[in-house]
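Engineer: So that we are looking at the same thing, I have put the structure below in structure tokens.
The values are calculated or read from the model by the stated rules, or taken from the named source; none is laboratory data. What you are looking at is a predicted structure, and each value in this text was computed from that prediction instead of being measured. Neighbour counts run over all protein chains shown; Cβ positions are idealised from the backbone, glycine included.
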Amino acid sequence: MTKAPVAPPDVLNGWAGFSGPLGDDPYGLYADVREEAPVRPVVLADGRPAWIVTGYAEGRQALLDPRLVKSIPRALAARPEIVAPGFAHPLFGRHMLASDGEDHARLRRLLGGTFSTARMAAIRPRVQALVDGLLDELERLPEGEPVDLVSNFTLPLPITVIFELLGVPIDDRGRLRAWFETIFTDPVAPADGPGGRAAADAMYAYLGDLIASKRSAPSDDLLSAMAASVDDDCLDEEELLSTAWLLIVAGHDTTVNLLGNGLVALFRHPDQLARLRADLSLVPQAVEEFLRYDGPVQHTTFRMTSEPVTIGGVDIPAHEQVLVVTAAANRDPGHFGEPDRLDIARSDNHHIAFGHGIHFCLGAPLARLEGDIAFTSLLSRFPGLRPAVALDHIHWTYRIVLRGLVALPVWLR
Ligand code: HEM
């Protein structure tokens, strides 16, 4: 007798990571799907067809294959119906994560030094000061009421870090955040709706003006350095604006969710929380385990097969969209022992939460730095930190490729 499919396409309609079928805990569904077929076709929430890869070995194979291309213009020319319409906006389609080959290498090289070990060591004191400032503010909040750690800690930290790095003036940050929220309000098709498109236009215009002002009065920040690269003919204006957008997006909710998802994982595993509190030198290893166990990025961004490709023995025709569900791959029992167990001291933790291959996350050193300082400082400042609601009542959101918390009410003391 043939076994009924565990996840027919209507169930997978939530696959692109949005509300609905994935619910608060997608890992059971991931396991069923991976066990049945680690490479398979699905229909995404907005009706676009795609292939998803949920196995670890298959995921790494896919991410190393140069025939899985990222150029949006190329995909639009070959098969427009697989591309979310909003991606045609120049804000979204001209950065390194939407480029291949030489263009990708050139755009990535330009930012090569930005996240180097030396740079990270140089900004460590500033990140520590930001964390300490946020923790001081938490201490000043009235006792006897739960505190939301998302709005008071996990969100403001990464946002401030990336805006400072880029050189976005403090007074403009609220506006940028609001446009960003509008663009992602309709999670199925970013920037497709009139609101999203208007916000993308506004952001594009704003970034253009900001870069012009950096050009006339450069300062010691990333946007000034990137503006100088345009003048040196290393990239064009559209690539510059799109890269600024990529850094703002990538520097926002990814690290926010690393902190939030990691805290919930610890609250769900009191033995691991106690172990970490007892030995804070384990924090860097714990951060890697948070990334593996419940990483912020559930699946990689858009890729298209430029020709027929075989992944994990499955033939995928040309011009198909392929998404690697990294969060599922990171729980693959074929690679990780006891994958559903949180082990903050796990060794050989070769997760793919930061991707794999040439598009491996450029900002990983920054995310790791922020995670290291944030968890170490928070846990040592508030030894009594604990959730203020039943963990089953915590609400999760799925935005584009991300999974994270809406709020995290806690008792600090
Ligand atoms: C915990 C936090 C983060 C996670 C889990 C994460 C995850 C990822 C993943 C999975 C990719 C590859 C996507 C794909 O192949 O489709 C990626 C790429 C990228 N990330 Fe991150 N990211 C994080 C934080 C950051 C930060 C803080 C920055 C910079 C400010 C950043 C900048 C980038 C850039 C520029 C790329 C594109 C690299 C390329 O195309 O060569 N990320 N990230």
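Engineer: How many residues does the stretch 209-227 hold that are part of a helix (DSSP H, G or I) and either within 17 Å of D171 (Cα to Cα) or of a type in the set (K, R) (or both)? Give the steps one after another, and end with the answer.
Structural biologist: If we filter the stretch 209-227 for residues that are part of a helix (DSSP H, G or I), which is where we start, we get 209-216, 222-227.
Filter again for either within 17 Å of D171 (Cα to Cα) or of a type in the set (K, R) (or both), leaving 209-211, 213-215, 223.
Residues in the stretch 209-227 being part of a helix (DSSP H, G or I) and either within 17 Å of D171 (Cα to Cα) or of a type in the set (K, R) (or both): 7 in total.
Engineer: Right, next: So is R303 touching a residue at least 24 places away in the same chain (Cβ under 8 Å), crowded, with 22+ Cβ neighbours inside 10 Å and not polar (S, T, N, Q) or not? Write out each step before concluding.
Structural biologist: Values: touching a residue at least 24 places away in the same chain (Cβ under 8 Å): yes; crowded, with 22+ Cβ neighbours inside 10 Å: yes; not polar (S, T, N, Q): yes.
Judged against the criteria, R303 is a match.
Engineer: Another question about this same structure. Can you find a residue in the stretch 224-231 that is of a type in the set (D, E, K, R) and within 26 Å of the chain's Cα centre (by Cα)? Reasoning before the result, please.
Structural biologist: Initial filter on the stretch 224-231 (of a type in the set (D, E, K, R)): 231.
Imposing the further condition that a residue be within 26 Å of the chain's Cα centre (by Cα) reduces the set to none.
Checked the stretch 224-231: no residue is of a type in the set (D, E, K, R) and within 26 Å of the chain's Cα centre (by Cα).
Engineer: Only residues that are touching a strand residue (DSSP E or B) at 6+ places or on another chain (Cβ under 6 Å), within 13 Å of the ligand (Cβ to nearest atom) and closer than 17 Å to L408 by Cβ: list them for the stretch 262-300, please.
Structural biologist: P296
Engineer: Only one of L149, L135, L141, L157 is in contact (Cβ under 8 Å) with a residue 40 or more places away in the chain and either over 15 Å from S377 (Cα atoms) or hydroxyl-bearing (S, T, Y) (or both). Can you tell me which? Steps first, answer last, please.
Structural biologist: Working: L149 fails: either over 15 Å from S377 (Cα atoms) or hydroxyl-bearing (S, T, Y) (or both); L135 fails: either over 15 Å from S377 (Cα atoms) or hydroxyl-bearing (S, T, Y) (or both); L157 fails: either over 15 Å from S377 (Cα atoms) or hydroxyl-bearing (S, T, Y) (or both).
Selected residue: L141, the only one of L149, L135, L141, L157 that is in contact (Cβ under 8 Å) with a residue 40 or more places away in the chain and either over 15 Å from S377 (Cα atoms) or hydroxyl-bearing (S, T, Y) (or both).
Engineer: With within 21 Å of I400 (Cα to Cα) and in contact with a Ser or Thr (Cβ under 9 Å, 6 or more places away or on another chain) as the only criterion, which of L366, L291, L323 stands out? Lay out the reasoning, then the answer.
Structural biologist: Details: L366 fails: within 21 Å of I400 (Cα to Cα); L291 fails: in contact with a Ser or Thr (Cβ under 9 Å, 6 or more places away or on another chain).
So the residue among L366, L291, L323 that is within 21 Å of I400 (Cα to Cα) and in contact with a Ser or Thr (Cβ under 9 Å, 6 or more places away or on another chain) is L323.
Engineer: Still on this model: What is the one condition in (1) more than 16 Å from the ligand (Cβ to nearest atom); (2) within 17 Å of the chain's Cα centre (by Cα) that L405 does not satisfy?
Structural biologist: The one condition L405 does not meet is (1).
Engineer: Hey, can you tell me all the residues within the stretch 110-130 that are exposed (fewer than 13 other Cβ atoms within 10 Å of the Cβ) and within 11 Å of the ligand (Cβ to nearest atom)?
Structural biologist: G112
Engineer: Still on this structure: List the pairs whose first member sits in the stretch 161-175 and is on the phi > 0 side of the Ramachandran plot, whose second member is aliphatic (A, V, I, L, M) and within 15 Å of the ligand (Cβ to nearest atom), and whose Cβ atoms are under 6 Å apart, counting only residues at least 6 apart or on separate chains?
Structural biologist: Between residues of the stretch 161-175 that are on the phi > 0 side of the Ramachandran plot and residues that are aliphatic (A, V, I, L, M) and within 15 Å of the ligand (Cβ to nearest atom), the close pairs are G167/L223.
Engineer: How many residues are in contact with a helix residue (DSSP H, G or I) (Cβ under 8 Å, 6 or more places away or on another chain) and either within 14 Å of the ligand (Cβ to nearest atom) or hydroxyl-bearing (S, T, Y) (or both) when one looks only at the stretch 131-170?
Structural biologist: Matching residues across the stretch 131-170 total 14.
Engineer: Is it the case, given these coordinates, that I82 is within 14 Å of the ligand (Cβ to nearest atom), within 23 Å of the chain's Cα centre (by Cα), under 24 Å from W245 (Cα atoms) and not small (G, A, S)? Spell out the reasoning first.
Structural biologist: Numbers: within 14 Å of the ligand (Cβ to nearest atom): no; within 23 Å of the chain's Cα centre (by Cα): yes; under 24 Å from W245 (Cα atoms): yes; not small (G, A, S): yes.
So I82 fails the test.
Engineer: Scanning the stretch 390-406 for residues that are under 21 Å from P270 (Cβ atoms) and surrounded by fewer than 15 Cβ atoms within 10 Å (Cβ to Cβ), which turns out modelled with the highest pLDDT? Please lay out each step first, then the result.
Structural biologist: The first filter runs over the stretch 390-406 and keeps only residues under 21 Å from P270 (Cβ atoms), leaving 390-394, 396, 405.
Add one more test, that the residue is surrounded by fewer than 15 Cβ atoms within 10 Å (Cβ to Cβ), and what stays is 390-393.
Working: A390: 95, L391: 91, D392: 88, H393: 87.
Applying the filter and picking the extreme gives A390.
Engineer: Would you be able to tell me the number of residues in the stretch 255-282 that are among the β-branched types (V, I, T) and buried (at least 22 other Cβ atoms within 10 Å of the Cβ)? Please lay out each step first, then the result.
Structural biologist: From the stretch 255-282, those among the β-branched types (V, I, T) are 255-256, 264; that's our starting set.
With buried (at least 22 other Cβ atoms within 10 Å of the Cβ) added as a condition, the list becomes 255-256.
Number satisfying all stated conditions: 2.
Engineer: If you go through the stretch 357-384 one residue at a time, how many are touching a helix residue (DSSP H, G or I) at 6+ places or on another chain (Cβ under 7 Å), more than 21 Å from H252 (Cβ to Cβ) and either more than 11 Å from the ligand (Cβ to nearest atom) or in a loop (DSSP other than H, G, I, E, B) (or both)?
Structural biologist: 5
Engineer: Of all residues in the stretch 345-356, how many are in contact with an Asp or Glu (Cβ under 6 Å, 6 or more places away or on another chain) and within 16 Å of the ligand (Cβ to nearest atom)? Explain how you work it out, then say what you get.
Structural biologist: Going through the stretch 345-356, the residues in contact with an Asp or Glu (Cβ under 6 Å, 6 or more places away or on another chain) turn out to be 346, 349.
Then drop every residue that is not within 16 Å of the ligand (Cβ to nearest atom), which leaves 349.
Going through the stretch 345-356 one residue at a time, the tally reaches 1.
Engineer: Still on this structure: Going through the stretch 106-118 one residue at a time, which ones are free of Cβ contacts under 8 Å to residues at least 12 places away in the same chain and among the small types (G, A, S)?
Structural biologist: To start, the set of residues in the stretch 106-118 that are free of Cβ contacts under 8 Å to residues at least 12 places away in the same chain comprises 109, 112-113, 118.
The answer is G112, G113, A118.
Engineer: Still on this structure, I have one more. All but one of (1) surrounded by fewer than 19 Cβ atoms within 10 Å (Cβ to Cβ); (2) in contact (Cβ under 8 Å) with a residue 12 or more places away in the chain; (3) under 30 Å from P169 (Cα atoms) hold for D233; which doesn't?
Structural biologist: It is condition (2) that D233 fails.
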